[in-house]
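Structure first, then comments.
The values are calculated or read from the model by the stated rules, or taken from the named source; none is laboratory data. On a predicted model such as this, the values are computed, not experimentally measured, just so you know. Cβ atoms come from the backbone with ideal geometry, glycine included; neighbour counts cover every protein chain shown.
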Amino acid sequence: MGFGLNPKAARWVDHSRALLFLYCFALCCLPQGSAAGQSANSPIASADADPVLRDPLLSSAYDHFYNMDYDRAVPEFERVLERHPNDPAAANHLLSAVLMRELYRMGAMNSGEYANDSFIGQAHRPADPKAKQEIKQLVAQAEGLEEQELKANPNDVKAIYDHGVTRAQFALYTALVERAWFSALRNAVGARHDHERVLELDPHYVDAKLVVGAHNYVMGSLPWSVKVAVALVGLSGSKEKGLAYLREVANSGGENAIDAQVVLSLFLRRERQLDEARALMHGLAERYPRNYLFSLEEANLYRSAGHVQEAAAEYRKVWQNGREGKYGNLHYEMAAWGLGELLRSQKDYAGAVAAYEMVSEASQPDPETLQKANLAAGEMYDLLQKRDLAMKKYETVVAENGSTPPAEKARQYMKEAYRE
C-alpha cells in the first residue's frame, strides 16, 4: 500500500520516529500465528482449518524460539515450511525466526533501549548481507502465496491476516535493519489496514487485534499537533483502545498471546504502569527460563519503579544463572551492565565499577556492551580518584574500536578526567 504525505503532515516523522521504531519492534518481536487464538464463533476457530498449526514440529520450534535458541528454531521452522510450502503462515514463521536471529546478532534486541527515545540514533552492528537476502526472499515468498490466495478469494480472512503479518515483519526489517522510516511506515500502516479488514470480516479473530492495537497505541501517543497532521492522511489512534486490544490478545490463550504480552509490557513501561508490566515479564521469565531478556526486563522494571534492592537482586540472579550456563552463549552480561547502571545512579561508584568489570568476565561478551562497560568503569575510576586505572580503561576502549562514540569520549577523558 502506498500513500502520500504533504509537507505539513510529513513532519510527524521528525516528531515520532521513536514511537514508530518502537511500534515496528513491538509488532514482530515474536512469531505471529494464523488462526490459533480465535473465538469458537470464528469460522476458522479450529486448528483443523490450518495444517501448519497441526504440525508436531511447531510446538518445539516455538519453545526454542521463545527461549532464544534461534539456531534450533530456524531449522525446525524450515522443516515446517518444507512440509507446507504453499501456506504463507509457514513462511511467516520462518521469516520471524530468521529476522529475530539477525536482530539479536546485530545487538538490537535489548528492550531497555526501547524505554526511551535515545535509541533512535543508535547504530548497531551491520546486518549480514546473506541474512538480508534471506529475509527479503522469505517476504517475497510469503507475499506471493498470499496474493495467489487473494486472487482466488479477495475476502479470504486467513490470507488477509497472513498478508498483514508479512507486512508487519517487513516494517520491522526496514525500520531496524535498513532504518528506512517511510518504507517502515508504509508497511506498518498496510499491516494495520489488513488486520482491520480481518476484524471487519470476522470480529472474533482476536489475533488480528495485536497489530491493530499496537498501531492504535502508537498513533494515540503522538503529540496533539502531530495527530492533526497525521489525520490529514487518514491515520488515527487511541492509546486506550490500543492497550485494551493488546490486553485482550494477551489474555486470549491464542498463538499471539505471548506476542501481545511482550508488546503490552513495552507500552506499559512507557505509560509508567510498571507493576502490570513487571507481572507480565515475570510470567514470561518463568515460562521461558532460558530467555534471559525476560528476566533482565523484570530487573529493568524494578529499577524504573525505584525498587533498588529488588532490581539489584534480579540483575545478580540473571548474572549468576548465566555464569552457571543456564543461558548458553547468550549475552547475559547485560545483567552486569544493568547492575552497574543501577549502582551508579545510587552513587555507589565502587559497586558500579565492580559490576562494569564483570562484563569482561563473560566468555564472549557483546562488543558494544563491553566497550560501554569499559568506558563506564573508567569514569567510575576517575570519580574514585584512581586516575591510573581510569586511563587504562580509556586506552582499552580506544583499542577495542576507535571509531565509536565511546571511543571518542574515552579520548576526551584521557585529556581531562571525567567529572559528573
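What to note about this one:
- In the set Glu146, Glu196, only one residue is under 22 Å from Ala97 (Cα atoms) and out of contact with any Cys (no Cβ under 9 Å at 6 or more places or on another chain); that residue is Glu146.
- A single member of Ala123, Ala168 is surrounded by 13 or more Cβ atoms within 10 Å (Cβ to Cβ), modelled with pLDDT under 95 and among the small types (Gly, Ala, Ser), and it is Ala168.
- Only one of the numbered conditions (1) modelled with pLDDT under 95; (2) closer than 18 Å to Tyr161 by Cα is violated by Pro85, and that is (1).
- Pairs, first closer than 11 Å to Ala417 by Cα in the range 380-396, second among the charged types (D, E, K, R) and at pLDDT below 95, C-beta under 7 Å, six or more apart: Leu383/Glu420
- Any chance Glu76 is at pLDDT 95 or above, in a helix (DSSP H, G or I) and out of contact with any Leu (no Cβ under 6 Å at 6 or more places or on another chain): no
- Residue within the range 158-170 that is without any contact (Cβ under 8 Å) to a residue 24 or more places away in the chain and either over 21 Å from Ala208 (Cβ atoms) or not in a loop (DSSP other than H, G, I, E, B) (or both) present: no
- Within the range 302-330, being in contact (Cβ under 8 Å) with a residue 60 or more places away in the chain and either surrounded by fewer than 15 Cβ atoms within 10 Å (Cβ to Cβ) or under 17 Å from the mean Cα position of the chain (by Cα) (or both) holds for Gly328, Leu330.
- Scanning the range 238-256 for residues that are touching a residue at least 60 places away in the same chain (Cβ under 8 Å) and touching a helix residue (DSSP H, G or I) at 6+ places or on another chain (Cβ under 6 Å) turns up Val249, Ser252, Gly254, Asn256.
- Helices (runs of 4 or more DSSP H) fully within the range 188-301 counting 1 or more residues that are crowded, with 22+ Cβ neighbours inside 10 Å and modelled with pLDDT of 90 or more: 209-220, 239-250, 257-270, 274-287
- Some residue of the range 213-226 being among the β-branched types (Val, Ile, Thr) and more than 17 Å from the chain's Cα centre (by Cα): yes
Here's the yes/no breakdown for (1) within 17 Å of Ala355 (Cβ to Cβ); (2) modelled with pLDDT of 95 or more:
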residue	(1), (2)
Leu383	yes, yes
Asp388	no, yes
Ala399	no, yes
Thr404	no, no
Ala407	no, yes
Arg411	no, yes
Met414	no, yes
Ala417	no, yes
